Amino acid sequence: MATQTSFLTSLVTSFVVFCVLMLVYFILSRRPGNAPVYYPLRILRGEDGAVAAKRRGPFSWITESYRATDAEIVAAAGLDAAVYIHLFTAAVEIIGLSALYCIPVLVPLSSTSSYNQQQLRTTGNFTYQNFDNLGMANVEPNSRKIWAFLIGMFYVSMVVYFVLWRSYRWVVDLRDREIASSNARPQQFTALVRDIPKPMGKETRAQQVESFFARVHPGAYNRVQPVYNIKPVEKLFSEREDALRKLEHSEAVWELSKQKGNGDGERPMHRIGFMGLWGRKVDSIDYWRQKSEEMKPKLDAEQSRTRHDLEQDAAFVIFNDRRTAAEASQVVHAPHALFWKVSQAPEPEEVVWNNLHIHAWNRAMRRIIVSVITFFLVIFYMIPIAFVAGLTTLENLEKLLPFTSNITKIPVVGAIVQGYLPQLALLLFLFLLPKIMMVLSHAEGFPSQSQVVRSASSKYFYFIIFNVFLGVTIFGAVFSNLSSVKILVQQSQLSANKVVTLLGSKLPPVASYYITYVALRFFIGYGLELSRLIPLCIFHFKRKFKCKTERELKEAWAPGAFTYHKSIPNDLLILTISLCYSVIAPMVIPFAFTYYVLGWFVQRNQALNVHVPDFESHGSMWPHIHNRILAALFVAQITALGYFGVKEFLFTPILIILPVATVIFYMFCKKNYYPSIVVVSLWTAAETPKSRPSEGAIAYEYTPSCLQEGHPGIRDRRSNLATQFNSTINAVV
């Protein structure tokens, strides 16, 4: 679809931009003042960021990423990050092993065929380029050479099964080692109870839960931590927190004015009207101090009311040992399974407090409604995706936007527009989707942030498969064959078989588009990820113009966590493209291999130096990744089934074995490995830890910050887990 000139132009310019970004990273990452941007995780662990910056050479990030062990990755960024990075390991193995057959066997068979040349002589609107001669499209229909491609499809499928089987075992073993470690965590002694029935008489919710579990788990039950409706108290807490932050900021501004001038300095003033644009002018320090003092009694009263009157139909139950907690989360506790639903408690940092009280029937209805909304969202976005697909050739661009014909006639401009415009427009349309998916997933009623992220990732993955992959492929073929479709309609020959043949004949040219897309992702995407230009600019802007207090300075360089709900679907999209075209157009493989190898190094560097996890779910993301890789393989197998049929190969029905094998492999893994991820085995939980948190500490962890006694009133916005580290940021900046 893309011309050879635009294809090469996009690759060369992407590589040049990547080299520039690498040079920028090397220069800026060595400056001590930029250490909070490039080494925030090291600083949070107590290391000297300035020293770390000076010691690094141009390729230090590569050597450190390569030498880091799995244990070091887990210690630095958590098990979730290690599992996410293993996605790249598995993809490298799948694509690398597939290349051992597809490149040396299938490419020579394609290049020695001449079907494209025959089509060029007999078909006036044929659009294949020299690059397409290296794919299956150049092989004559019903040729004996197609046997090699059919064997290749079986070989690639076996490679995926083997790698996924080994990866699942690796994740389970790593998860068991981490959970059975000597340092026990609060969630290992805790179970989450939902759908609690109404208490009898004047019995409180805490008394009801205590009497129930004291009977069901005698001797092992310790205490209960009720769940409350925290919306009213959270609103007051946030308002007082905002007042305390502004008071702290105003006092810092006053202190800075004393340092700049003589005397008592200049006390800050502000207007109390809308956004400070009008209204009475007041002393900021006095105003915010009075505001926070006035809200303290209201907050105390609301906290007391919440603890006494706003208990909800959920609770955290704390046990004396880990084994009982694991056992309780795996069994039915009541004669009616709709009540007293007990599950493993999420980590305190990832609890979604406002979802805990939602009943089972309500959760079911929410998920149905969200599924319907997601379905219509996919349909709605097909319109702009179809438009983007039409921009993949200059001819289609001129048809849709006639005024661009004069501009695209300039060779350099035409090459750049055709090489970059479709990919950039596609990325723009996809920018808002992850946020929408997170909102929808949160509304489903999941109790933990990791479940919300997995649900959003699942929605986004299927969205980009149906819209980006299938949408661009199908609509790109339609736009390239509008004249042929019109002829079929005029001749009353528009049938399912004719349409499939027409579309199938145009599928391979899309490979050039996807190669450009993959190159843009790993050259530009990873270049920006490693150079961190945007976070660097934001940090220095805030530091110079906004940050006045130590707290504001710490929060200005908050690195954030891995955005799994966005990154995993996009990474799996590249793997889907690779699997679908590994046999049909094997030249996709080197670019996909480069994407995952470079991503493996970059993401390991980010895990060791940059990203601070918001939560830890102990690798519960892997079943989601595993199933989506199988879904990608399933799509590839169905695609191959259709394309081999287009090639009029008589033995195409043999490929039906592969989708069936994929379903069987999925069921095998779900039965044998998935339970080890969902729950903690009793064998692992029975390990005696060297240290464990006290029951009081566990109860405090499972109390929302707006209800915690002795809370300073201002929460750490850097990360949910940032408070576990001692920061030395002041010595650096």
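Descriptive notes on the structure:
- T549 meets the stated requirement of being more than 25 Å from P447 (Cα to Cα) and hydroxyl-bearing (S, T, Y).
- Filtering the stretch 145-161 for residues that are in a loop (DSSP other than H, G, I, E, B), in contact with an Asp or Glu (Cβ under 8 Å, 6 or more places away or on another chain) and of a type in the set (K, R) leaves an empty set.
- Subset of the stretch 278-307 [among the aliphatic types (A, V, I, L, M) and modelled with pLDDT of 90 or more]: M295, L299, A301
- Here V233 fulfils each of the conditions (1) modelled with pLDDT of 90 or more; (2) under 30 Å from V331 (Cα atoms) apart from (2).
Here's the yes/no breakdown for (1) under 24 Å from P613 (Cα atoms); (2) at pLDDT below 90:
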| position | (1), (2) |
| --- | --- |
| A640 | no, yes |
| F649 | no, yes |
| T652 | no, yes |
| K671 | no, no |
| T688 | no, yes |
| E695 | no, yes |
| Q708 | yes, yes |
| R717 | yes, yes |
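- Flag for V37 being buried (at least 17 other Cβ atoms within 10 Å of the Cβ) and not charged (D, E, K, R): yes
- Top-ranked residue in the stretch 283-333 [being in a helix (DSSP H, G or I) and of a type in the set (G, A, S); ranked as surrounded by the most Cβ atoms within 10 Å (Cβ to Cβ)]: A325
- Evaluation of P58 against the conditions (1) outside any helix (DSSP H, G or I); (2) touching a Gly at 6+ places or on another chain (Cβ under 6 Å); (3) not aliphatic (A, V, I, L, M) shows that the sole unmet condition is (2).
- Of the residues making up the stretch 357-376, those that are among the aliphatic types (A, V, I, L, M) and crowded, with 17+ Cβ neighbours inside 10 Å are I358, V370.
- Hey, F591 over 28 Å from S676 (Cβ atoms) and aromatic (F, W, Y) or not: yes
- Among the candidates R177, R223, R166, R215, residue that is of a type in the set (D, E, K, R) and surrounded by 15 or more Cβ atoms within 10 Å (Cβ to Cβ): R223
- Qualifying residues in the stretch 292-314 (those that are among the aliphatic types (A, V, I, L, M) and in contact with a Lys or Arg (Cβ under 7 Å, 6 or more places away or on another chain)) - the one farthest from F212 (Cα to Cα): M295
- Q259 vs. criteria part of a strand (DSSP E or B) and either within 30 Å of A685 (Cα to Cα) or at pLDDT below 90 (or both): no
- The stretch 47-71 - residue that is farther than 20 Å from S29 by Cβ and of a type outside the set (S, T, Y) and, of those, surrounded by the fewest Cβ atoms within 10 Å (Cβ to Cβ): A71
Matching residues to (1) within 17 Å of E616 (Cβ to Cβ); (2) assigned to a loop (DSSP other than H, G, I, E, B); (3) touching a helix residue (DSSP H, G or I) at 6+ places or on another chain (Cβ under 7 Å):
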residue: F668; (1), (2), (3): no, no, no
residue: T684; (1), (2), (3): yes, no, yes
residue: E687; (1), (2), (3): no, yes, no
residue: P693; (1), (2), (3): yes, yes, yes
residue: Y700; (1), (2), (3): no, no, no
residue: E709; (1), (2), (3): no, yes, no
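- Scoring N142 on the criteria (1) on the phi > 0 side of the Ramachandran plot; (2) at pLDDT 85 or above leaves a single failure, condition (2).
- Considering (1) under 30 Å from F319 (Cβ atoms); (2) buried (at least 17 other Cβ atoms within 10 Å of the Cβ), the lone condition that Q708 does not fulfil carries the number (2).
- Any hit, the stretch 326-333, residues being in contact with a strand residue (DSSP E or B) (Cβ under 9 Å, 6 or more places away or on another chain), more than 17 Å from L707 (Cα to Cα) and without any contact (Cβ under 8 Å) to a residue 24 or more places away in the chain: yes
- Selection of the stretch 208-223 for residues being without any contact (Cβ under 8 Å) to a residue 60 or more places away in the chain and not polar (S, T, N, Q) yields E210, A214, R215, P218.
- Within the stretch 362-378, residues that are over 15 Å from D195 (Cβ atoms) sit with their Cβ atoms under 7 Å from residues that are in a helix (DSSP H, G or I) and among the basic types (K, R), at 6+ positions apart or across chains, in these pairs: T374/K459.
- Check on V92, modelled with pLDDT of 90 or more and either under 28 Å from D614 (Cβ atoms) or not in a helix (DSSP H, G or I) (or both): yes
- Qualifying positions in the stretch 637-688 - surrounded by fewer than 18 Cβ atoms within 10 Å (Cβ to Cβ), farther than 27 Å from V583 by Cβ and aliphatic (A, V, I, L, M): V678, V679, L682, A686
- Only one of S343, S292, S371, S329 that is assigned by TED's automatic domain parsing to the domain that holds L244 and hydroxyl-bearing (S, T, Y): S292
- Qualifying residue in the stretch 608-622 (condition: assigned to a helix (DSSP H, G or I), within 17 Å of the chain's Cα centre (by Cα) and closer than 24 Å to Q188 by Cβ): yes
- Unmet requirement for P226, which otherwise passes all of (1) closer than 30 Å to P108 by Cα; (2) in contact (Cβ under 8 Å) with a residue 24 or more places away in the chain: (1)
- Condition broken by R30, with the remaining ones in (1) under 22 Å from L530 (Cβ atoms); (2) buried (at least 20 other Cβ atoms within 10 Å of the Cβ) satisfied: (2)
- Residue within the stretch 512-530 that is crowded, with 20+ Cβ neighbours inside 10 Å, of a type in the set (S, T, N, Q) and either outside the structural domain of S582 (by TED's automatic domain parsing) or modelled with pLDDT of 85 or more (or both) present: no
The values are calculated or read from the model by the stated rules, or taken from the named source; none is laboratory data. Everything numeric here is computed off the predicted structure, so don't read it as measured data. With ideal geometry, Cβ positions are generated from the backbone for all residues, glycine too; neighbour counts draw on all protein chains shown.
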